[in-house]
Every structure is written in structure tokens, then in C-alpha cells.
Amino acid sequence: MDFGHYDDERREYVITRPDTPLPWINYLGSEAYFGIISNTAGGYSFYQDARLRRLTRYRYNGVPSDAGGRYLYLRDDADGTFWSPTWQPTKTDLDAYECRHGLGYTTISSSFAGIEASTRYFVPVGENLEVWDLTVTNTREDAAELSLFSALEFALWDANDDATNFQRNFNIGEVEVVDGVIYHKTEYRERRDHFAYFACSEEVTGFDTQRRFFLGPYRGWDAPAVVEEGEATNSIAHGWAPFGSHHLRLVLEPGERKRVLFVLGYYENPRDRKFDPPGSEVINKEGVLPIIARQLDPAHVDRQFAELGAYWDRILGTLQVDTPDVHTNRMVGTWNAYQNIVTFNLSRSASLFESGVGRGIGFRDSNQDLLGFVHMVPERARQRLLDIAATQLDSGGAYHQYQPLTKRGNDAVGSGFNDDPLWLVIAVVAYLKETGDWSLLDELVPFDNQPGTEAPIEEHLRRSIGYTLANLGPHRLPLIGRADWNDCLNLNTFSEEPGEGFQTATIRDDTVAESVLIGGLFVMAAEEMAAIAQRRGHGDEVEEYRRAAHRMRAAVDEHGWDGNWFRRAYDAFGEPIGSASCAEGQIFIESQGVCGMAGIGLEDGRLARAMQAVNERLATRHGIVVHQPAFTHYDPRLGEISSYPPGYKENAGVFCHANPWIMICETMLGHGDQAHDYYLRINPSAREDISEIHRCEPYVYAQMIAGKDAATHGEAKNSWLTGTAAWSFVAVTQWILGIRPEHDGLRVHPVVPSSWDGFTVTRVFRGVTFTVTVRRTGPGGEVTLRCDGAAIEGDLVAVPTDRDQVAVEVEIG
Ligand code: BGC
Ligand code: NOJ
């Protein structure tokens with residue numbers, strides 16, 4: 001079924017009916033102030049931390065769905081008809097509707113009874129606020145007398161408290177209203193120095209700040225009493241539910257158009273200048289008023305919107321492609337790159353599937369996300385690496401998550417996820433290869449944020465390697481700890497208590513269960529460390545790392561190979577998991593992908609066999625599932641993986657994150673057709689025409705697509721914040737298109753479908769623009785390169801120091 005289409009020219013996804021299978025969302029904001037917005041204006045905003053600085057209220061899992069948002073109501077004052085120009089919340093049958101999700105903005109337009117309304121929502125770059133830019137046009141033959149109401153609900157800052165602690169919350173709500181600006185200042189009297197404000201560019205005839213007066217008793221968003229009556233009550237919230245609504249009256253002549261701006265923002269005062277006059281309880285508005293005045297100036301808003309476009313042009317301009325496949329082009333050039341940045345900003349904290357209260361910034365998550373954004377925002381990537389490394393423990397282990405506001409490790413989740421530290425190596429290496437900025441390795445960063453423990457990043461990486469070596473099991477493979485990349489393979493938890501956290505419950509005995517995945521990851525990381533040591537002139541370390549990698553390879557060869565594929569793990573009793581000898585879970589995707597990327601079995605044909613097994617046993621038309629056969633019963637020896645019904649999430653769902661690992665392995669084997677075929681199976685654009693099955697947004701990756709054992713095979717869940725974004729981007733750009741940063745330059749080695757006769761890529765790398773033009777002249781995989789007209793040896797293009805443009809011509813013969 002058709003819910004919309006791409007507008008590639010404008011880099012927008014256009015939704016043409018409001019009743020999408022799920023709310024299809026977009027993100028506003030780029031650095032500190034963020035919001036989620038659905039195609040019918042649902043969603044919420046926060047400053048930095050979706051839990052601790054939540055500005056507006058949203059009801060997850062509510063009925064009807066997607067309640068709470070940035071709402072507007074229009075009312076025909078002649079006959080009392082009212083509607084929402086964004087469809088929700090009144091769900092009026094609009095005469096026209098269109099939502100355009102763009103890069104950092106969303107525009108929702110509609111027409112009803114001859115009144116057109118179009119609202120563009122965006123967060124200006126560098127500002128802690130959002131603008132709702134509304135234009136109302138009267139296309140009737142007569143003048144229209146309209147009322148316009150804005151409506152949002154303020155959250156009481158801590159989103160968890162907001163949804164649970166009503167005995168307190170219903171007493172603390174406070175607002176001020178001055179010159180039509182609504183200030184939300186709950187808890188400002190005490191330890192908060194911040195407040196929110198909601199302003200309007202036009203003169204208001206009234207306002208409401210107490211929800212119950214706006215909605216009326218026992219009423220919902222669909223028919224607020226104030227809108228029905230056409231008259232605001234000028235309510236002031238004392239406790240209960242602080243609300244923000246302006247009431248404007250608009251008289252529009254035929255053909256007349258009126259622009260109205262609303263601004264919702266966050267502001268922090270210096271602690272000693274919070275009140276005006278000092279000693280009162282009144283907000284000091286000296287700092288915020290000039291901001292409000294500026295933001296309500298339409299010319300300024302236009303400039304800021306243009307700047308937002310330029311901001312994204314700059315970011316996305318680092319890598320553009322033109323291939324014979326439209327799905328590849330639009331994902332790589334726009335949407336996948338965009339999703340990478342959003343995921344970098346928010347890690348796994350706030351989406352329609354992540355409530356913003358539970359999860360901070362994940363250690364392994366962010367390190368992997370970095371692979372997808374480092375080329376676009378290298379300075380921010382550098383800072384992120386320093387922040388992450390500061391949560392590493394001096395044992396080399398790592399906090400599994402940290403909180404974005406405090407940047408401290410999260411004690412509730414703790415450490416002991418034994419793959420975590422190695423991802424730091426992978427991420428730092430990606431940064432070095434992208435930027436050539438080796439000074440990062442000398443940056444001093446503490447362990448566990450403890451002052452006095454500062455050590456260079458290079459030392460942090462050594463400890464990562466050391467941590468694995470200090471935690472080897474009976475087969476000399478790495479101990480798995482609480483879990484490796486697959487958070488749900490909990491081999492030491494043995495949980496029998498309902499509700500107990502599978503990852504956080506006490507570990508019984510952590511000395512036996514081992515992970516082949518971590519083994520493969522270690523080989524990759526140790527070889528990268530050898531390369532680093534070589535460049536840094538630490539000769540003795542080079543050998544050490546190589547030997548360590550070699551020993552791990554040998555352990556994987558001996559105990560990690562099952563005959564036709566890589567085993568997955570050994571359980572707490574030393575029994576293999578992911579082996580033909582198992583009744584269920586005989587083969588897993590992760591160890592094939594990770595061991596393969598480490599090059600294990602590449603030379604001797606085992607990797608090809610493993611890929612064959614993946615193809616035969618795990619691949620479906622909707623992507624590659626985690627394992628087969630699915631686990632049919634809960635098994636305490638396996639943990640959460642067996643808690644999911646077969647086909648969902650880690651229990652044999654298509655966990656998209658691991659699919660690109662297989663694509664990469666296929667390119668390593670020279671299989672361009674197979675790699676790109678797998679790429680398209682989970683590519684959101686390629687799945688657009690099965691939206692009624694896929695159901696999530698067709699412009700971003702989802703974490704999971706239900707596997708073949710599921711009743712809803714092909715249905716996606718957990719869209720937006722997923723490592724799938726970064727890894728898909730790496731697989732397609734670095735391995736299929738084959739444009740790969742290396743320490744010594746840009747490797748250009750395409751492994752593309754045999755039907756492609758060529759493609760071009762523009763890639764900005766260390767300040768130099770590489771224009772790569774690829775032509776197929778033969779069926780094989782032989783790649784020859786010319787650089788600015790001259791033939792070069794091999795496939796590595798050095799970065800010139802004397803010019804900022806390089807033309808690379810590639811022939812695939
Ligand atoms: C999910 C995993 C996730 C883990 C940690 C589990 O319930 O299935 O995908 O990584 O929780 O939050
Ligand atoms: C989601 C988590 O964010 C990630 O860390 C984990 O690797 C995957 N789930 C797989 O379990």
C-alpha cells in the first residue's frame with residue numbers, strides 16, 4: 001500500500017496520507033536541543049537528556065497512539081467547526097494532507113474547508129529552541145474569521161518522575177505568563193536554574209496554562225472545551241498539569257495569507273541571577289527576552305532555515321554517489337547518512353521504541369555508530385571518543401552505558417560485557433584512518449572519570465586488549481561475561497526470577513562460558529593495534545599484538561570452527577552453542593560475520609563455506625536471521641535470547657545490525673552480486689513498496705525485522721536508533737562501492753553487482769575531494785586505477801599534499 005514517496009531532489013520523504021501503519025517520525029535538532037516529530041505532529045522535545053530534561057509530555061504506548069505533540073487547532077468562528085491542520089488530534093477528514101520529513105525539519109500541510117495551513121517545524125542550528133512556522137491561507141471566496149490555538153503539555157523535567165510520581169507532581173507545577181509568553185517554571189523555585197518558554201509572534205487574545213481548563217473535564221485532545229467554545233480561559237497552572245496554549249483570532253480576506261511563528265525553547269539562568277527582582281520568585285528574563293524577540297522575526301527564521309540546509313549540505317557533501325541503483329543512491333547520499341548522525345546524537349535513548357528514560361549512551365553502541373559518522377563530523381567524533389574512553393575502567397573493562405548529561409558510567413547496568421572494550425579499538429582506528437589525526441592517541445583521559453587516573457588514549461586501547469587476554473576461558477577463547485554483542489545470549493545468568501534483568505542479574509560463574517564472536521573481534525582489534533604500534537615505533541609491542549592475534553586465530557580454528565561454519569560460543573558447562581550438534585541454535589550469524597571480517601578462513605575456503613551455510617540456513621527475503629533453528633522454549637542456560645517468541649528480536653529475528661557483516665564478508669570473497677542482494681533485502685527504500693508488511697518508516701533502518709519463524713515475518717520494529725545504520729553504511733560505501741579509508745590513503749576497490757556498468761563517487765577525505773569514476777570493462781573482479789590520468793600500482797590512492805582534488809578512474813576488468 002502506498003503511504004508516500006521520496007522526493008530525492010529536495011531530500012524529503014513525502015507522506016501522503018496521515019494514517020500510516022505506525023507514526024512515521026523525524027528528528028529535530030542537531031547538538032543539544034532535540035525533538036521527535038511524527039507525520040501528524042506527535043512527539044516531544046528535550047534538552048540534551050531525554051530523561052532528565054524533558055520539555056514536553058508524550059504518552060508512550062498510549063491509546064489512541066501518538067498522543068501528545070506540537071498541536072494546532074483552527075476554528076471557523078462563523079460556525080464553530082474546528083480541525084487540526086496536522087490531522088491529529090481531531091482526525092478530521094482533511095481535503096488535502098501532506099507531510100514532508102526533511103533533514104532536521106518536518107513540514108505538515110493540509111487544506112480543509114478552503115483554509116490551507118502549512119507548518120514547518122525545525123530547530124535552528126546552535127539554538128536551544130524549536131520554531132513552528134505556520135502559514136494559513138484563505139482560499140475561499142469570502143473572508144474567514146478564524147481562531148487559532150496552539151497546544152502542548154509541559155513535562156515536569158524528569159520524564160520518569162513525570163510519569164510516576166503523581167503525589168508530588170500534582171502540587172508543584174508553576175508557570176508565568178507575560179506579554180503572551182508562557183513560561184514553564186516547575187521546580188525553578190528550588191534547584192533548577194532552567195525553564196521553558198512558549199512564545200507567539202502575533203498578539204494573542206488569550207491563553208491557557210492548566211490542562212484541565214483547556215481540555216475540559218473528561219475530554220481528550222480531539223475535542224478540547226476551549227476550542228469548541230472558541231474562547232481561552234486565561235488559566236494559570238497551580239500544580240496539576242502545566243500546559244501551553246495561545247489563542248489568536250485571524251481575519252483573512254479571500255486569498256489572504258498569514259504567517260504565525262511559535263517558539264518553544266529552553267533557557268538556563270546563572271544561579272545567582274535567577275530571580276528578578278532578587279529575592280522574588282519571578283524568573284529573571286533579561287537573558288531570554290532578546291532570544292525570543294529574535295526568534296519571532298520572520299526574516300531571522302528564514303535565514304536560520306537556510307542555514308540548516310547549508311549545515312546538512314556540508315555534512316552530506318562529504319560522500320555522494322551515483323550508481324545504477326536508486327535505493328543505493330538515496331540511502332547513501334541522504335537517508336542512511338542522516339540516520340547515522342541522528343543515531344550518533346541520541347545513541348539508543350529516544351525514539352518511538354526507546355522511551356528516553358531507560359538507556360544512556362551505550363559503550364559498544366557508540367563505538368560502532370562512530371563508523372558511520374566519523375567522516376561527516378570528525379571533531380565531534382573525537383570528542384565522543386574521549387567521553388567514551390573516560391568511562392573505561394582501569395581493568396580495561398568498561399561501563400556498558402553512560403548518561404549523556406553527566407557523562408558518568410551507569411552503575412545500574414555496570415560492566416562485564418566482555419566485547420565492549422574491543423569496540424573502542426575499532427572506533428579509534430576508524431577515526432585515525434579517516435582523519436590521520438594521530439594526536440588523539442596522546443590525549444590524556446581518566447579511567448572511570450576519576451581525576452588522577454589520566455592516561456593516553458593509546459594506553460586505554462592497550463588495556464582493552466589486555467582485558468580480553470586477562471579473561472580467557474578453557475578453550476583459550478574470550479570469556480563472554482554478561483553478554484557479548486548479542487545482549488540476549490546470557491550464558492551466566494541462569495535467571496528463574498520473573499522480571500529480573502537478564503544482563504544485570506548476578507553472574508553465577510564467569511569462568512567457563514566463552515564467545516567465538518569476541519575471539520574474531522579480538523583478532524581484528526589486535527591486528528589493528530599491531531599496525532598502530534608499528535607506526536608509533538613501538539617495535540616490541542608489534543610482535544606482542546601479532547602473537548596475540550595469532551594465538552586467538554588458532555583458538556578459533558581449533559575450537560570455533562564447527563565443520564561448515566563458525567560456532568557461536570561455549571556455555572557455562574563448556575558445551576558448544578551454534579554447532580550442528582545442537583538441537584536448536586545450530587548456526588548463528590554473528591560469528592560468521594565477525595570471524596569473517598577478521599579474515600579467519602578467508603584463505604582456506606572456510607569463510608566461503610560459512611557464507612554458503614548462511615545463505616542456505618539463515619537468509620530470507622526480508623534479511624538474514626540471527627540463528628536457526630529458533631529456540632522454542634525458555635532455557636535459563638541461554639537467557640534472554642530464549643525468552644523471545646521464535647522469530648522476534650534476538651531469537652531468530654532479522655537483527656539487521658549483523659546483516660552488513662555478512663555483506664562485507666561476501667565482498668571479501670569477491671561476491672558483489674550476493675553482497676548487494678543482501679544489502680537490498682533490508683534497505684528501507686527497497687522495502688518501500690511493501691510498507692503494509694514492513695510498517696516502519698521506509699526511509700530509515702529498523703533494528704529488527706521479524707524472522708521466518710514469526711507470524712509477522714517481514715514486519716520491522718525499533719526503527720531509527722540502531723547500529724544497522726552505521727554498519728549498512730560501512731558495508732555499502734567501503735566494501736561494495738569499495739571506497740575505504742586506510743592509514744596510508746583511500747583504498748578504492750569496488751565489489752559491485754555484475755549488472756552495473758559503472759558508478760561515480762565524490763568523497764572528501766582529509767580535505768581532498770576524490771572524484772571516483774568506475775567503469776566495468778569485463779566480468780571479473782580485477783581492479784585497475786588511474787589517478788589524475790596516470791596509472792598507479794595497486795588500489796590505494798595516497799592523499800596529495802599539493803592539491804585538493806583528485807580524479808580517480810577505476811576499471812573493473
Ligand atoms: C534487547 C536487546 C538490548 C538489550 C539491552 C534486550 O531486551 O533485546 O536488543 O540490547 O535489551 O537493553
Ligand atoms: C541492542 C543493543 O543496543 C546493542 O548493544 C546490542 O548489541 C544489540 N541490541 C544486540 O543484542
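The values are calculated or read from the model by the stated rules, or taken from the named source; none is laboratory data. All values reported here derive from a predicted model rather than from experimental measurement. Quick reminder, even Gly has a Cβ in these numbers, built from the backbone with ideal geometry, and neighbours come from all protein chains shown. SASA here: full protein model, heavy atoms, side chains in, ligands and nucleic acids out. Shrake-Rupley method; radii C 1.70, N 1.55, O 1.52, S 1.80 Å.
Cα centroid separation, segment 587-632 to segment 498-540: 20 Å.
Solvent-accessible area per residue in segment 280-333 equals 42 Å², computed with a 1.4 angstrom probe and all protein chains kept. Label zone (Tyr311, point 7 Å along Cα-to-C-beta; backbone nitrogen cut-off 20 Å) within segment 106-143: 106-108, 119-134.
Applying 1/(1 + (r/R0)^6) with R0 = 22 Å to the Cβ-Cβ distance of Phe573 and His550, what FRET efficiency is obtained, to the nearest 0.05? That pair, Phe573 with His550, gives E of 0.15.
Quantify, in whole percent, the carbon and sulfur part of the accessible surface of the chain (1.4 Å probe; protein heavy atoms only). Write down the numbers at each step before the final one.
Values: 13700 of 28770 Å².
Reported share for carbon and sulfur atoms: 48 percent.
Scanning residues 5 or more positions from Phe770 or on other chains, those with amide H under 5 Å from its amide H are Arg763, Val764, Phe765, Val806, with H placed 1.01 Å from N in the peptide plane. One chain, two ends: Asp222 and Thr784. Fully extended at 0.36 nm per residue, the span grows by 195.9 nm beyond their Cα-Cα distance. Charges on Cβ only, +1 for Lys and Arg, -1 for Asp and Glu, centred on the Cα centroid of the chain; of Gly114, Pro646, Leu94, which one is farthest towards the dipole's positive end? After comparing all options, I get Pro646.
Going by alpha carbons, how many degrees (0 to 90, nearest 10) lie between the helix axis of 672-682 and the longest principal axis of the chain? The two axes meet at around 30 degrees. Gap in Å between the Cα centre of segment 633-663 and the Cα centre of segment 311-361? Result: 25 Å between the Cα centres. Solvent-accessible surface of segment 624-735, taken per residue with a 1.4 Å probe and all protein chains present: 24 Å².
Per-residue ellipticity at 222 nm for the chain, helices alone: DSSP H runs ≥ 4 residues times -39500 (n - 2.57), over residue total, nearest 500 deg cm²/dmol?
Details: 20 runs with 203 residues, N = 813.
Calculated mean residue ellipticity at 222 nm is -7500 deg cm²/dmol.
At 4 °C and a viscosity of 1.567 mPa s, what translational diffusion coefficient does Stokes-Einstein give for segment 425-476, taking Rh as the Kirkwood radius over Cα pairs? Give it in µm²/s as a whole number. Working shown, then result.
Values: Rh = 12.4 Å.
It diffuses with D of about 105 µm²/s by this estimate.
Spacing of the modelled spin labels on Ala791 and Leu469, each 7 Å from Cα toward Cβ, amounts to 4.5 nm.
In order along segment 618-634, the phi-based Karplus estimate (6.51 cos²θ - 1.76 cosθ + 1.60, θ = phi - 60°) of 3J(HN,Hα) comes to 10, 6, 10, 5, 9, x, 9, 6, 5, 7, 8, x, 5, 7, 8, 10, 5 Hz; Gly and Pro are listed as x.
Loop only per DSSP, at most 14 neighbouring Cβ atoms within 10 Å: give me the GluC sites (Glu not before Pro) in segment 394-479, ordered by residue number.
Details: sites: Glu434, Glu443, Glu454, Glu458, Glu459; in loops: Glu443, Glu454.
Within segment 394-479, the qualifying GluC sites (Glu not before Pro) (loop, at most 14 other Cβ atoms within 10 Å) are Glu454.
The Thr769 and Thr632 beta-carbon pair, evaluated with R₀ = 45 Å, returns a calculated FRET efficiency of approximately 0.25. The stretch between Thr81 and Ile690 holds 215.5 nm of extra length on full extension. This uses 0.36 nm per residue minus the Cα-Cα distance. Accessible area per residue for segment 27-139, computed on protein heavy atoms with a 1.4 Å probe, is 27 Å².
Going down the table (Lys285/Lys717; Lys274/Lys407; Lys407/Lys717; Lys185/Lys649), which pairs top 32 Å between alpha carbons? Intermediate results must be reported in sequence, preceding the final value.
On the way: Lys285/Lys717 44 Å; Lys274/Lys407 26 Å; Lys407/Lys717 29 Å; Lys185/Lys649 41 Å.
Too far apart for the 32 Å limit: Lys285/Lys717; Lys185/Lys649.
Between Gly206 and His247, the built amide H atoms are under 5 Å apart, and every one of these is 5 or more places off in sequence or on another chain. When you filter the GluC sites (Glu not before Pro) in segment 252-357 for DSSP loop state and at most 10 other Cβ atoms inside 10 Å of their Cβ, you are left with Glu286.
Between Glu616 and Gln805, the contour length at 0.36 nm per residue exceeds the Cα-Cα span by 63.5 nm. Backbone phi angles across segment 800-813, fed through the Karplus curve with coefficients 6.51, -1.76 and 1.60 (θ = phi - 60°), yield HN-Hα couplings of x, 9, 9, 7, 10, 9, 9, 9, 10, 9, 10, 10, 9, x Hz in residue order; Gly and Pro are listed as x.
Are there any trypsin sites (Lys or Arg not before Pro) in segment 577-669 that are in a DSSP loop and have at most 15 other Cβ atoms within 10 Å? List them by number. Intermediate results must be reported in sequence, preceding the final value.
Details: sites: Arg606, Arg609, Arg617, Arg621, Arg637, Lys649; in loops: Arg621, Arg637, Lys649.
For trypsin sites (Lys or Arg not before Pro) across segment 577-669 that sit outside H, G, I, E and B with at most 15 neighbouring Cβ atoms in 10 Å, the list reads Arg621.
Here the chain is described by how far its Cα atoms reach on the three principal axes: 81, 59, 54 Å, from widest to narrowest. Between Thr86 and Leu72, the built amide H atoms are under 5 Å apart, and every one of these is 5 or more places off in sequence or on another chain. Its Cα gyration tensor gives segment 275-384 an equivalent ellipsoid. The semi-axes, each the square root of 5 times an eigenvalue, are 36, 22, 13 Å from largest down. Computed from Cα atoms, the angle from the helix 659-668 axis to the main principal axis of the chain rounds to 40 degrees.
At a Förster radius of 30 Å, what calculated FRET efficiency corresponds to the Cβ-Cβ distance of Ala299 and Val326, to the nearest 0.05?
The calculated FRET efficiency here is 0.20.
Each label was represented as a point 7 Å from its Cα along the Cα-to-Cβ direction; for Glu379 and Arg17 these points are 4.7 nm apart.
With respect to the chain, whose longest principal axis is taken over its alpha-carbon atoms, helix 298-316 is tilted by about 10°.
For segment 7-19, backbone phi angles converted through the Karplus equation (6.51, -1.76, 1.60; θ = phi - 60°) give residue-by-residue couplings of 10, 5, 4, 8, 6, 10, 9, 9, 9, 10, 9, x, 8 Hz, Gly and Pro being listed as x.
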